[in-house]
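Chemist: Could you have a look at this structure, given as structure tokens, before my questions?
The values are calculated or read from the model by the stated rules, or taken from the named source; none is laboratory data. None of the values given here were measured: they were computed from a predicted structure. Cβ placement follows ideal geometry from the backbone for every residue including glycine, while neighbour counts extend to all protein chains displayed. Just the protein is used for accessible areas: all its heavy atoms, side chains included, with ligands, DNA and RNA removed. Shrake-Rupley method; radii C 1.70, N 1.55, O 1.52, S 1.80 Å.
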Amino acid sequence: MDETIAAPRIEDETKPARPKLHKALLLNDDYTPRGFVVRVLKAEFGMGEGRAYGVMMTAHRLGSCVVAVFTREVAEEKATRATDMARKEGHPLTFATEPEE
Ligand code: TYC
């Protein structure tokens, strides 16, 4: 049978844009104990003691620190869980998210 197979058009070959990644941010405050911040970073972001301490101290000194980068859904989920963990213990500790440039 005579069949003509068309070459794929350019539009069909272009890949969909990769979704933007989002940063999970740790925000400093004046009240949450340092040890509690370290505990949350270890529990919710799987960090070891040294890395968690370093991230906590960076937020303490500079006002905020990028904890890690995820898809939007995962970043929001982790930031919410970590902030909820602090609220349950009565601390103002807050995590936020923002899209990467
Ligand atoms: N600044 C807090 C204190 O001196 C400790 C702290 C560090 C709180 C980092 C939040 O994201 C934070 N007790």
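Chemist: Using the basic label-point model (7 angstrom from Cα toward the beta carbon), what is the Thr80 to Asp29 distance in nanometres?
Modeler: Spacing of the two 7 Å Cα→Cβ label points: 1.9 nm.
Chemist: Continuing with this model, one more query. Taking Cα atoms, how many degrees apart are the long axis of helix 72-88 and the longest axis of the chain, rounded to 10 and kept between 0 and 90?
Modeler: The helix 72-88 is inclined about 20 degrees to the chain.
Chemist: Further, regarding this structure: About the Cα centre, and with charges only on the beta carbon of Lys, Arg (+1) and Asp, Glu (-1), how big is the dipole of the chain? Nearest 20 debye, please.
Modeler: For this selection, approximately 740 debye.
Chemist: Can you work out the FRET efficiency for the pair Thr71 and Thr14, with r the C-beta to C-beta distance and R0 = 30 Å, to the nearest 0.05? Could you put the intermediate results ahead of the total?
Modeler: On the way: r = 22 Å, r/R0 = 0.72.
About 0.90, to the nearest 0.05.
Chemist: How much of the accessible area of the chain, in percent, comes from carbon and sulfur atoms when a 1.4 Å probe is used?
Modeler: After summing per-atom areas, the C and S share lands at 52 percent.
Chemist: Give the range of the longest stretch in the chain that excludes all trypsin sites (Lys or Arg not before Pro) found in loop regions by DSSP and having at most 15 other beta-carbon atoms within 10 Å.
Modeler: Answer - 21-101.
Chemist: Accessible area per residue for the chain in Å², computed with a 1.4 Å probe and the full protein assembly in place, what is it?
Modeler: Value returned for the chain: 71 Å² of accessible area per residue.
Chemist: Sticking with this one: Name the residues whose placed amide hydrogens come within less than 5 Å of the amide hydrogen of His22, ignoring near sequence neighbours (fewer than 5 apart) on the same chain.
Modeler: Amide H neighbours of His22, under 5 Å, 5+ apart: Phe70, Thr71, Arg72, Glu100.
Chemist: Then there's this: Against the longest principal axis of the chain, how steep is helix 34-45, in degrees 0 to 90 to the nearest 10, with axes from Cα atoms?
Modeler: Long axis of 34-45 versus the principal axis of the chain: about 20 degrees.
Chemist: Is it possible to state the helix-based mean residue ellipticity at 222 nm for the chain, with each DSSP H run of 4+ residues giving -39500 (n - 2.57), the sum divided by total residues, to the nearest 500 deg cm²/dmol? What is it?
Modeler: About -14500 deg cm²/dmol.
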